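All remarks here apply to the structure that follows.
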Amino acid sequence: MTPEQRDNLDVVRTLPLDLTVRLGSCRLSIAQLLELGEGSVIELDRPVDAPVEVLAGGKVIARGEIVAIGERFGVRVTEIVRS
């Protein structure tokens, strides 16, 4: 790797990237969506013990489990997804 390529890689490494953690999903009709209110429960398509997915740029990059860190939630990565 040339010094110029190394510098370019260093620039890319510092770019901020939004991550999304997906617990699951479901499909609702607009009528069902409009019926939702405070206290409504939306059933997702995954069992409670299924790993969550960590997405970057809309692509799954890892899987893990939800953990509590004080008053916040986090994700313990259990698998890196190779593409």
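Every read-out reported here was derived from the displayed coordinates using simple, explicitly stated rules and does not represent laboratory data. What you are looking at is a predicted structure, and each value in this text was computed from that prediction instead of being measured. Neighbour counts are summed over all protein chains in view; Cβ atoms, including those assigned to glycine, are modelled from backbone coordinates with ideal geometry.
Helix 3-13 versus the longest principal axis of the chain: what is the Cα-based angle in degrees, 0 to 90, to the nearest 10?
With both axes taken from Cα atoms, the answer is about 20 degrees.
Using label points projected 7 Å from each Cα along Cα→Cβ, tell me how many nm separate Ser83 and Val60, to one decimal.
Each label point lies 7 Å from its Cα, and together they span 1.4 nm.
Would you mind estimating how fast the stretch 17-80 diffuses translationally, via Stokes-Einstein at 10 °C and 1.306 mPa s with the Kirkwood radius over Cα pairs, in µm²/s?
D, rounded to a whole number, is 117 µm²/s.
With n ≥ 4 as the cut-off for DSSP H runs, can you work out [θ] at 222 nm for the chain, using -39500 (n - 2.57) per run divided by the number of residues, rounded to the nearest 500? If you can, show how the numbers build up before the last one.
Values: 2 runs with 17 residues, N = 83.
Mean residue ellipticity, 222 nm, calculated: -5500 deg cm²/dmol.
Pick from Glu65, Glu43, Glu35: which residue has the top mean-square fluctuation in a GNM of the chain where Cα pairs under 10 Å get a spring?
Glu35
Going by amide H atoms built from the backbone, whose H comes under 5 Å of the H on Glu79, apart from near neighbours?
Amide H to amide H, under 5 Å and 5 or more residues apart or across chains, Glu79 pairs with Arg63.
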